[in-house]
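Below is one structure, written out as structure tokens; comments come after it.
The values are calculated or read from the model by the stated rules, or taken from the named source; none is laboratory data. This is a predicted model, so every value here is computed, not measured. We place every Cβ from the backbone using ideal geometry, glycine too, and count neighbours over all the protein chains shown.
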């Protein structure tokens, strides 16, 4: 999920040619606030990836502002671990 407005999300999805929906938390940022990912003083979200299982349990949290590749790498590792492989 991103805090970017819908048009930005659409352009990003087209550029990457993704075959799934990208979610936007714009304009109220309710999800970012609920997951403690919102920096009120900056009106900006933190760079956090949550891995949530089918039951809605948070199984992993990746928080790194500078290395975006670690988010996908660690999320994939956690998902594989959950899946048993």
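What to note about this one:
- Options 75, 45, 32, 37: the member that is in contact with a helix residue (DSSP H, G or I) (Cβ under 7 Å, 6 or more places away or on another chain) and modelled with pLDDT of 95 or more: 45
- Residues in region 11-20 that are assigned to a helix (DSSP H, G or I) and loosely packed, with under 11 Cβ neighbours inside 10 Å: 14, 15, 16.
- Enumeration of residues in region 40-54 that are out of contact with any strand residue (DSSP E or B) (no Cβ under 7 Å at 6 or more places or on another chain) and in a strand (DSSP E or B): 44
- Residue 53 fulfils the conditions (1) surrounded by 12 or more Cβ atoms within 10 Å (Cβ to Cβ); (2) farther than 27 Å from residue 83 by Cβ; (3) assigned by TED's automatic domain parsing to the domain that holds residue 81 except for a single criterion, (2).
- Selection within region 64-79 - surrounded by 13 or more Cβ atoms within 10 Å (Cβ to Cβ) and outside any helix (DSSP H, G or I): 64
Residues are listed down the side, and each one gets a yes or a no for (1) modelled with pLDDT under 95; (2) in a helix (DSSP H, G or I):
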site: 9; (1), (2): yes, yes
site: 22; (1), (2): yes, no
site: 28; (1), (2): no, no
site: 56; (1), (2): no, no
site: 61; (1), (2): no, no
